[in-house]
Amino acid sequence: MAYSTFGPVLLINAVLSVLLCQVPAALAAEQGGTTEKEFKAWLDYIRTTESQPHFKEFAHKVKQPSTTIVVDLKGTGNFTSIQKAIDSVPFANANPVYIIVKPGVYWEKLQIPATKDFITLQGHGRLKTFVVWNDTAASVNSTYLSASIAVDAQYFAAMNISFQNAVPAPAPGVEGQQGVALRISGDNAVFYGCAFIGHQGTLYDQQGKHYFRDCYIEGSIDFIFGDGRSLYQGCEIHVVPVAGSITAQSRSSATSDSGFVFLNCTISGTGVVYLGRAWGRYSRVVFLYTYMESIIRPEGWQNWGDPTRESTVYYGQYMCYGPGAGTDGRTPWSHALTDEEAKPFLTLDFIQGQSWVPLVIPGLRL
């Protein structure tokens, strides 16, 4: 998929963005705080409450009747707003809810709270159904609050839909211009055939186990970032100016199981980028069987300005190809993986996905 495919939508965004009003400040309180530290503490707390369903309950509940809700801007469905459809899902939901979103550009900021698990958001194709907003870290005083869609629920799925943060490319040296298209903080989430479009900080893979399959991810600076434990399979990663780094994984300890794995992906675009920067001291990112255009810097990886991280990060490649995939010029502290070293990253086992991915999207060919 070429970047130019999204040109008409970007033009619409530029024209209509002036009409958008800011999200109320009360949103921060609903999400558990105004700082990321407060938010993570709140998220950990809410997940320990007895009202939250456990995995075994979900495995049983999927056999129960599901609910289908249709969203259509033209008024032929149950709602004209995706958020209103989400709001209609019962508190402490424990049954599958399918929200079918008809074609259109939905200018709204979406929040799926931790009390509404088992929601599937399904569009009519990522070139036909768009969710768009334009907050920045500066406009809402927080990167994680800038997301066009924020998902705190467990067992969430999105299919055939695009999520975009319409903030323009940041000027060199300007701070606070991170504009997140998706923040995913819930566990056991699947994204299939989706697109994530932005510039700096497009996809905030904050925490939890996630599976991205056949998705398109576009950005420029640290545009796949966070502390998630995620497998990206068959995805196209497209770099746009001003290019900086594809990933900024934030694993903070040697015992953490988080990390980003890119399997059978494609890296395309313009500019010159690092494969990743060491946002976390134990940052972990691996690319396997991935095609890389010549936009990759020869050294591949960057230590975030802290040489001490070079001995603790885990960065690797395995069987990658293309003009940007050569390992001869890579930093000496990255790895050209052996067959044995690559094994833990080649299947859904990395995210324990065999047990939950088929339940989140039944019928998905793994």
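Laid out as a table, the results:
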read-out	value
Fewest-first ranking of TYR211, TYR98, TYR321, TYR282, using other Cβ atoms within 10 Å as the exposure measure	TYR321, TYR98, TYR282, TYR211
Fewest-first ranking of ASP87, ASP152, using other Cβ atoms within 10 Å as the exposure measure	ASP87, ASP152
Amide hydrogen neighbours beyond the local backbone of ALA157, cut-off 5 Å, H modeled	ILE119, THR120, LEU121, VAL190
Of LYS84/LYS209; LYS74/LYS116; LYS116/LYS209, pairs whose Cα-Cα distance is over 20 Å	LYS84/LYS209; LYS74/LYS116
Whole-Å distance, taken between Cα centres, linking segment 271-306 and segment 316-336	10 Å
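A short reminder: the numbers here are calculations on the coordinates, not readings from a lab. Just so it is clear, the structure is predicted and the values come from calculations on it, not from any experiment. Positions of Cβ are generated from backbone atoms using ideal geometry, with glycine treated the same way; all protein chains shown enter the neighbour counts.
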